[in-house]
1. Here are A:274, A:240, A:249: which of them is touching a helix residue (DSSP H, G or I) at 6+ places or on another chain (Cβ under 7 Å) and within 14 Å of chain B (Cβ to nearest Cβ)?
2. In segment A:130-221, which helices (runs of 4 or more DSSP H) lie fully inside it and hold 3 or more residues that are of a type in the set (Phe, Trp, Tyr)?
3. Please enumerate the residues belonging to segment B:82-101 that are touching a strand residue (DSSP E or B) at 6+ places or on another chain (Cβ under 9 Å) and without any contact (Cβ under 8 Å) to a residue 60 or more places away in the chain.
4. Within the set of pairs 6+ apart or on separate chains, which have a first residue in segment A:152-167 that is exposed (fewer than 14 other Cβ atoms within 10 Å of the Cβ), a second that is of a type in the set (D, E, K, R), and C-beta atoms under 9 Å apart?
5. Any residue in segment A:35-56 that is farther than 19 Å from residue A:206 by Cβ, more than 14 Å from chain B (Cβ to nearest Cβ), assigned to a helix (DSSP H, G or I) and hydrophobic (A, V, I, L, M, F, W, C)?
6. Taking segment B:173-219, which residues are in contact with a strand residue (DSSP E or B) (Cβ under 7 Å, 6 or more places away or on another chain) and at pLDDT below 90?
7. Give B:89, B:62 a once-over and let me know the one that is assigned by TED's automatic domain parsing to the domain that holds residue B:286, modelled with pLDDT of 95 or more and over 28 Å from residue B:248 (Cα atoms).
8. Taking strands (runs of 3 or more DSSP E) that fall entirely within segment B:120-222, which contain at least 1 residues that are in contact (Cβ under 8 Å) with a residue 12 or more places away in the chain, farther than 30 Å from residue B:330 by Cα and aromatic (Phe, Trp, Tyr)?
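The values are calculated or read from the model by the stated rules, or taken from the named source; none is laboratory data. Quick caveat, the model's predicted, so the values are computed rather than measured. Neighbour counts are summed over all protein chains in view; Cβ atoms, including those assigned to glycine, are modelled from backbone coordinates with ideal geometry.
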Amino acid sequence: MTELILQALYSGLLQGGSYALIALGLALVFGTMKVINLAHGELVLLAAYIAYSVESGLGWSPLLAIPLAMLVVCSTSVMVYLAVSRIQKDREINSLILTYGLGVMLTNLILLVWKADVHSTSSSWMQDAFVLGPFFSMNSEILFFGVSVLLMGGLWWWLARSWYGRAVRAVSSNRDAAKLMGINPRSTELVSFVVAGILATFAGVALFSYGVISPSYGGVLTIKAFVITVLAGIGSIPGVLVGALLLGVAEALTVTLASSALQDLVGMGLFLLVLFVMPNGLFGAKRRRG
Amino acid sequence: MKNSYKNLGLVALIACAGSWSSLHAEELLVGVEVPLTGTLARVGGGMHEGILVAAEVFNKTSKHKIKVISIDDESSPAKAVAAVEKLASQGVLAITGGYGSNNIAPASDAASKLGLAYVTSGGVDDSLVSSGHKNFFRINNTAGYQKAMVGLLGDMKAKSVSIVYSSKEATSSLAREVQKTLTAQGATVASHEFDPAITDFKPIINKIKLQDKSEFIAMVGYENDYVGILRAARVLKPNVKAIVGVWSLATSKMAADFPDLMPNVYGTAFLPYPAEFKSADGKAFNDAYQKLYQKEPDYLGQFGYVQATLLFEAMARSADKGTLKKNGVIDELNKTDRQTLIGRVKFGANGDNPFFSHRMGQHQNGKVVIVWPKEEATGKASFPGVPW
């Protein structure tokens, strides 16, 4: 039993790392613009499909698809921003409807271009076992867990230390006051969307490398990312990591100790429990750092 | 003079109308309600391809001409009902298509109320044939898949099996039947249900490795599930003799896309890969399919082809007897009894095909070899054998 639980904890941590990578872009835009980008899952999926095209068409490693995927996903993310920025009234609620619609359009675009088949990497190295004593995982899981932690650290540093990061936080706190300080809110928000696009690119390539993709999967990714963002506390980057790891471990333990059929129930139960005890999320409001 | 021109014009108009109506009198309208978008887009698309191939082949050989009108049900039960109603309003004589038991049930119900025959291969849930509808016809069922899976495991003398199955309706139902039969045969069976949203199967495979210690893993799911399960098994390497699955597994696509995961894995398959068609019907299907889609036909296309061909034939017989408007299509479907690409099809009183029995194929060196039943085998099973 100990062996089972140890492996479940390890698998849960790795799964949490992948959840964090997916949620990071959504959390950034939500934190800075109070916009819930419901097309975020589709942006992640778009990157995953580009990785698939590069691997199947050119025979290259999915990692080499990152520059091209970044270009396409960031451009799409900018288009999402341009659409959202045209909303004059009730941006929070209207952007929900708009981004949901954009998500549906992206899903159908993916379906049109890549058809409905399921895909995943055929790279042997990505799927090969990485054994660390009693712990088993795939090489791709370890690789992208590391990437996830690095990106999170980088994003946290960027928000806390760089001029643009501070500008993003200033716009997020008080748009008008930031304007008076000489910050252009539009360009700052645009930067947030571009950074979210970069994060979605890494998440997509990671997803293709250890998971399975299909056109309808975007919605599932958005929901998971949204749950983690709210669990974390709006705008909190460390919160995203903690929330994602918590969710990953809770799900893996549920599968091991009970049944996989209950994993979503436990995930949602945890989500509701945290919000009941801490309505601002794990790292929300007073304890927010990022 | 003016009057004779008028009369000439009138005669020409009547002649045109007459020739138009006689041209269209032989055109039999068939409605196809199938998911082309949404979660079932891939399987629905595969079935749709087979239906269109059937129309192409049928129109070349029959004096009757089939015209197919397709509507995407977007993988939604409500839209499946709306699609059936819209097709009926467009004058179709019967409906074929449907994927997913939860979509097929309300769609076939709507077709029943409209007096239209509904022919499918996309739902294996038993409730579909126990609803009492006289218009519902299905060419495949859970029992046929179960016979194949249990038959192969029986030939391998399986004493302990771990069944890993998706909590979806069709997969749960098949897993329950497999478990019941294997237990009755004296095997020890451990079942692991999983949520369709799961992506990491390592905790489940680890339970099989450390707790169940079964000789065989039986997977009842879909392509994405199989990839996840096989990847987890490849990492954890449980001590099993073979891994057996069902639909969407022993296919050319899986062999090509996942060359590291598929070796020695078993799944249901009517055809070996590369495909070999011995019958004239099979060759006609293969030629038309390759011409239309420039790829190897798969099992989805094959099922779609068979269900549609049987419907078109019944419609043609009914048209010859002049009973199209008098439940003739349903009567003719009830009389159907012939060998097809998926074996014998004869519909029982409940619309099910009791003769349906699948075959089992094994991935071997990038090919799919039929290994069960013995009389249909195209090669020997590589046993024991796992992908790693």
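1. A:249
2. On the way: elements: A:139-161, A:163-173, A:175-180, A:185-210.
Fully inside segment A:130-221 and qualifying: A:139-161, A:185-210.
3. The initial filter retains those residues of segment B:82-101 that are touching a strand residue (DSSP E or B) at 6+ places or on another chain (Cβ under 9 Å), namely B:82-84, B:86-88, B:90-99.
Selection gives B:82, B:83, B:84, B:86, B:87, B:88.
4. A:160/A:166; A:160/A:169; A:160/A:289
5. Scanning segment A:35-56, I find no residue that is farther than 19 Å from residue A:206 by Cβ, more than 14 Å from chain B (Cβ to nearest Cβ), assigned to a helix (DSSP H, G or I) and hydrophobic (A, V, I, L, M, F, W, C), so the answer is no.
6. B:196
7. Numbers: B:62 fails: modelled with pLDDT of 95 or more.
B:89 is the lone residue from the list that is assigned by TED's automatic domain parsing to the domain that holds residue B:286, modelled with pLDDT of 95 or more and over 28 Å from residue B:248 (Cα atoms).
8. B:160-166, B:188-194, B:216-220
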